[in-house]
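Below is one structure, written out as structure tokens; comments come after it.
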Amino acid sequence: MLAKRTIPLLIAALIGFLLIATYFIPYTEEWGATAMEMFIILAAGAMVLGAGNLIMLNLAKISNRRPGWAYGAITLLAFFITLAVGVFKIGALPTMTAPDNPWTAPLVSQEGVPFWWIYSYVYKPLTATMFAMLAFYIASAAFRAFRAKNIEATLLLGTAFVVLLGQIYAGVWLTSFLPDLESYVATFPEEAKAFAMAIGIQVENGVPLVDMSFAGTAFDQLTAAQQATATEINAHMTGWWYQLANGLRLENLTQIILDVPQKAGNRAIMIGIALGIVSVSLKVLLGIDRSYLGSED
């Protein structure tokens, strides 16, 4: 019991509190780096165990001819081919740092070698296919979730509709009649458009009028006509009517939704996740949660 329970609990608690201490006590950073190197070694061992488990499960499926056994055979074939190519560095090219030792070559970055071919033409397309399939599941889930059954669902549906429209050309086109910086600059004479655009961009970025500049010239050094034009642009673009009409453009409304309510909700969720991680971590470090040791039997 001592070797199976007590010692692993003490090791987990010691390493866990050591890694926490590295964030607050500079003298423990070197110890934390050593602990992380030990973790890398354990992770390599875990990968070996995972590979063994993959082989055993798929061999059992093939030998018992369970449904999907052919996929298990394909999985094992792809696994062993990729493992052999990667471990033995088949087709690796010499590098500038080691021209006589291709074993040190980073295979993924060497275009044309077998491992690069597997990664580029097998792994990446399969990954893209998997994520492309997720789009259909997301669309199906959204169709079931976005039903205006009550006020909350109606708000969710409307918000999602605005955000989706605001990120495609159709949404931008639908509200293109509302004022924006480009349409406002177009009302100026040709020789003043560059100046108006430069001042308008600074207004959008929240730069105070006295701190604005044009072509490296500060505001107080501009001509009287330029100062008057800059003051007019600032007054127009900071006015309530322009702010309201410009904010109703779908691309801007989408950004407001993402920056204010969505970000606030996302931060609340992240805070909740962080508190959950802290509580679960403390349970593990204090030995309350022992599920990683297996059953109590």
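How compact is the stretch 1-41 by the rule of thumb for globular proteins, expressed as Cα Rg over 2.2 N^0.38 Å?
It is 1.29.
Quote the charge dipole size of the stretch 181-247 about the Cα centre in Debye, to the nearest 20; the model charges only the Cβ of Lys and Arg (+1) and of Asp and Glu (-1).
Taking the Cα centre of the stretch 181-247 as origin, the dipole is about 80 debye.
Rounded, prolate or oblate: which fits the stretch 2-137, taking a ≥ b ≥ c as square roots of the Cα gyration tensor eigenvalues, rounded meaning a/c under 1.5, else prolate when a/b beats b/c?
Oblate shape, in that a/c is at least 1.5 and b/c is the bigger or equal ratio.
Of Val207, Leu248, Leu181, whose Cα points farthest to the positive end of the dipole of the stretch 161-252 (charges on the beta-carbon: +1 Lys, Arg; -1 Asp, Glu; origin at the Cα centre)?
It is Leu248.
Once you have all Cα-Cα distances for the stretch 181-247, histogram them in 10 Å bins from zero and send the whole-percent values.
Reading upward from the zero bin: 21, 58, 20, 1.
Go through Gly68, Ala33, Ala21 and say which Cα lies farthest out towards the positive end of the charge dipole of the chain; charges sit on Cβ, +1 for Lys and Arg, -1 for Asp and Glu.
Final value for the positive-end residue is Gly68.
For the chain, which longest stretch is free of loop sites, where a loop site is one of the chymotrypsin sites (Phe, Trp or Tyr not before Pro) that DSSP puts outside H, G, I, E and B and that has at most 14 other Cβ atoms within 10 Å?
Maximal segment without exposed cleavage sites: 178-297.
So what is the relative contact order of the chain, in percent, for Cα pairs below 8 Å that sit 6 or more residues apart?
That works out to 16 percent.
Trypsin sites (Lys or Arg not before Pro) within the stretch 81-188: which are DSSP loop residues with at most 10 other Cβ atoms inside 10 Å?
Within the stretch 81-188, the qualifying trypsin sites (Lys or Arg not before Pro) (loop, at most 10 other Cβ atoms within 10 Å) are Lys149.
May I ask you to list, by number, the DSSP H helices of the chain whose Cα span along the axis is at least 30 Å and whose average Kyte-Doolittle hydropathy reaches -0.5 or more?
29-63, 124-145, 261-285
If exposed GluC sites (Glu not before Pro) are those in a DSSP loop with at most 15 other Cβ within 10 Å, what is the longest stretch of the chain that has none?
Maximal segment without exposed cleavage sites: 112-295.
Which residue, chosen from Ala142, Leu165, Thr154, occupies the Cα position most advanced towards the positive end of the dipole of the chain, where the dipole is computed from +1 (Lys, Arg) and -1 (Asp, Glu) charges on Cβ about the Cα centre?
Farthest along the dipole direction, towards plus: Ala142.
Which shape class, rounded, prolate or oblate, goes with the chain when its Cα gyration tensor gives a ≥ b ≥ c as root eigenvalues, a/c under 1.5 marks rounded, and past that a/b bigger than b/c marks prolate?
prolate
In deg cm²/dmol and to the nearest 500, what is the mean residue ellipticity at 222 nm of the chain if only DSSP H runs of at least 4 residues count, each as -39500 (n - 2.57), divided by the residue total?
Counting only the DSSP helices, I get -21000 deg cm²/dmol.
For the stretch 1-85, which trypsin sites (Lys or Arg not before Pro) are in a loop by DSSP, counting at most 14 other Cβ atoms within 10 Å?
Arg65
Each reported figure results from applying straightforward, stated rules to the coordinates on display, with no laboratory input. Keep in mind that what you see is a predicted model, and the values were worked out from it rather than measured. All Cβ positions, even for glycine, are placed from backbone atoms using ideal geometry, and neighbour counts span all protein chains on display.
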